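First comes the structure, then the notes that go with it.
The values are calculated or read from the model by the stated rules, or taken from the named source; none is laboratory data. Source: prediction; values computed, not measured. FYI the Cβ positions are ideal-geometry reconstructions off the backbone, even for glycines, and counts take in every protein chain you see. Ligands, DNA and RNA are excluded from the accessible area calculation, which covers all protein heavy atoms including side chains. Shrake-Rupley method; radii C 1.70, N 1.55, O 1.52, S 1.80 Å.
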Amino acid sequence: MPATDNPTRALPSLHEFFAPGGILARSPLPYEYRPGQLQMAKAVERALEERRHLIVEAGTGTGKTLAYLLPALRTGQRVIVSTGTKALQDQLFFRDIPFLETLLGDLRVCYMKGRANYLCRHKLVTLRAQPILSGLEEIDQYRQIAEWEQTTETGDRSELSELPESSALWQKLDARTDACLGSTCPDYGRCFITEMRRRALESDIIIVNHHLFFADLALKREATGAPDAGILPEAAAVVFDEAHELEDVASSYFGLSVSNIRFEELARDTDALLRGKEGTENLPAQTQQLRDRARMFFAGLPMTGDGRQPFTEREEFLETSGDLYTAVRATLRRMEAEMEGLKGIDEAPGLKKRVARLRSELEFLLESSASNMVYWMERRMSGGASSDKSTARNVFRPQARTTFLQATPIDVSELLSELVFDQIPTVVLTSATLTVQGGFEHMRKRLGLNEARELVVPSHFRYEEQALLYLPPQMPDPRDPEFPEAAARCIQRVLEITRGRAFCLFTSYAQMRALYERLLPVLDFPILLHGTAPRKALLEQFRETPNAVLFGTSSFWQGVDVQGEALSCVIIDRLPFAVPNDPVVAARMKAIEEAGGKPFFDYQVPSAVLTLKQGFGRLIRSLEDRGVLVLLDNRIRTKRYGQTFLASLPPYRMTQTITDVEAFFEAPSRDAERG
Ligand code: SF4
């Protein structure tokens, strides 16, 4: 049973904590009573008591974190809290939990990341014995890591602030499942993963992210009955914050992906770990063969250019180029057999497991007839951007090319229902964006959430006063060739009024580039471009640069929090419909059609509504924020479905007149007036 043997400690009731004049109100933080927060906390507590599921849309500013943390702690049972990103995990663990501790005393909370974030002590020991390092940089990093290993209590790489994100050495040393020896490992007793598991068992709250949660679930599902599988212990409840991301994350972990890089890494690790050991004489030739054959196989895939495309012609490929596939498979089989025969080498079983897994995933991707899957390919340039000094512009320079073969479930609702909602007594799903026109139907259907209580917590913000939504009149349809020119004119006009201080969010990289090129010569503000630096660095720069304008695509539509005047305007180029020729979207639309539904209205519109709410949600992050939202896509007014979008947005004041935008910025804010 997931009780944590916590000595029962009297925690305050929800009322004592949240109500006016309660513990929270008396805390040193400036705090305003929020009825929605207490309402949500009560709903969470009830769901936990009744062992039922709950779905809550809680607008930004509700204080939803405390609204689920306190009821979770009051159960006296273990609860997993899963967030959308590592950044949110950090916020919970390093900000919200310490704050709660100042009010409630010590809490038993632990923080878990994916295994790749932790050091594998066994790999470090092995590398110490045979230091195969490439270049001075790796030697230096190795020294750093070996020194740190002596003192770290967690083995979490985030403690190594100097270690570059892309360190190739770390990838040789991390604790990923692939190469883990499990309980047969000589370093099992002092392993950081074992220690993390133990800490989790003693905690009341375990903070994870969706990626870790689903990676763990997928692992347990695969290894039914294996006691060592997975790192998350059983829990009485799971709270999914940022629950609007669940379908995507679950889809990627219940699917399969094999890339050319995985073959290269397997060959590299086999060479590094087994080289020179007794009985491994045949392996170097096999790893070289694996590299050569994998390269030929990936080069032979029927891909037309870069990007994502369906792999519907798998049978034809096997007929015409099947020998490329069977050659790779044969080499993998030979390596498996070779490794099977190796005795007394600690690394051999882990590597053999890895080879077998790669082979079976490749077989699935080429031969499986599972009908709930969509099979597709993707070629991606893992690029970087740098500054071109001759033109003083930021340019994107492609660096390496990775090809993926993927299988993604078309519908995860049954899987989620069976593996999550049927197994865990209480699941709480929350986010600021879960409803379409006030209803949860879309989300519940996509996630397979059949039985659940529902709650929409009204926002604490005064959207009518804090935000103005400007829908420029006379914009051409975004598919019209004249659109970019008109969009550029409109963006320029609005930014002159707002004096920069804006996010321009685009639905495609190409559109972002095109508008950036047009506007760069005419805008008098510092412009930051997505892709020219890591996201975190760009955001930091945006916050620190007066009047900055940031041009961004999908990753800036959510999980970004810039409070205050630095962000006074959010401009969105078009309604964010998922691209219908994307293989996964196309397969989902086809499945809806075959089931008698209307793919556009049942899937594309509601998904786009949620994305638009996310994008616009960047603007108002506190009661003091105010600003203008601009949507350049006139279909929100001219098409009937536009009504669904308008009815789903918070009650922003709306206008089609640019002078209203001017007046909005001339008018002192209500707070300033009050002051
Ligand atoms: S148990 Fe696995 S992760 Fe832990 S030290 Fe051993 S090989 Fe590394």
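Structural remarks
- Residue that is nearest to the ligand (Cβ to nearest atom), among those in the range 180-190 that are open to solvent by 30 Å² or more (accessible area, probe 1.4 Å) and not hydroxyl-bearing (Ser, Thr, Tyr): Cys180
- Failed criterion for Pro521 (all others in (1) surrounded by fewer than 16 Cβ atoms within 10 Å (Cβ to Cβ); (2) not in a loop (DSSP other than H, G, I, E, B) hold): (2)
- Failed condition for Glu195, given (1) within 30 Å of Gly559 (Cα to Cα); (2) within 15 Å of the ligand (Cβ to nearest atom); (3) free of Cβ contacts under 8 Å to residues at least 60 places away in the same chain: (1)
- Filter result for His460 (of a type outside the set (Ser, Thr, Tyr), open to solvent by less than 50 Å² (accessible area, probe 1.4 Å) and under 30 Å from Asp411 (Cα atoms)): no
- Test: residue in the range 118-134 that is more than 16 Å from the ligand (Cβ to nearest atom) and closer than 30 Å to Ala533 by Cβ: yes
- Residues being within 18 Å of Ala272 (Cα to Cα), in a helix (DSSP H, G or I) and more than 16 Å from the ligand (Cβ to nearest atom) - total across the range 341-386: 1
- Residue selected from the range 606-629 under the condition out of contact with any Ser or Thr (no Cβ under 6 Å at 6 or more places or on another chain) and of a type in the set (A, V, I, L, M), by the criterion most open to solvent (accessible area, probe 1.4 Å): Leu623
- Residue check, Gln309 part of a strand (DSSP E or B) and in contact with an Asp or Glu (Cβ under 8 Å, 6 or more places away or on another chain): yes
- Test: residue in the range 463-471 that is under 26 Å from Val579 (Cα atoms) and part of a helix (DSSP H, G or I): no
- Some residue of the range 159-171 being open to solvent by less than 30 Å² (accessible area, probe 1.4 Å), over 22 Å from the mean Cα position of the chain (by Cα), within 16 Å of the ligand (Cβ to nearest atom) and among the aromatic types (Phe, Trp, Tyr): no
- Selected residue [out of contact with any strand residue (DSSP E or B) (no Cβ under 9 Å at 6 or more places or on another chain), touching a residue at least 24 places away in the same chain (Cβ under 8 Å) and either more than 25 Å from Pro12 (Cα to Cα) or away from the ligand (no atom under 14 Å from the Cβ) (or both)] from Leu88, Leu104: Leu104
- Selection count, the range 414-454, where residues are part of a strand (DSSP E or B) and surrounded by fewer than 20 Cβ atoms within 10 Å (Cβ to Cβ): 3
- Residue selected from the range 76-133 under the condition open to solvent by 40 Å² or more (accessible area, probe 1.4 Å) and acidic (Asp, Glu), by the criterion farthest from Thr151 (Cα to Cα): Glu101
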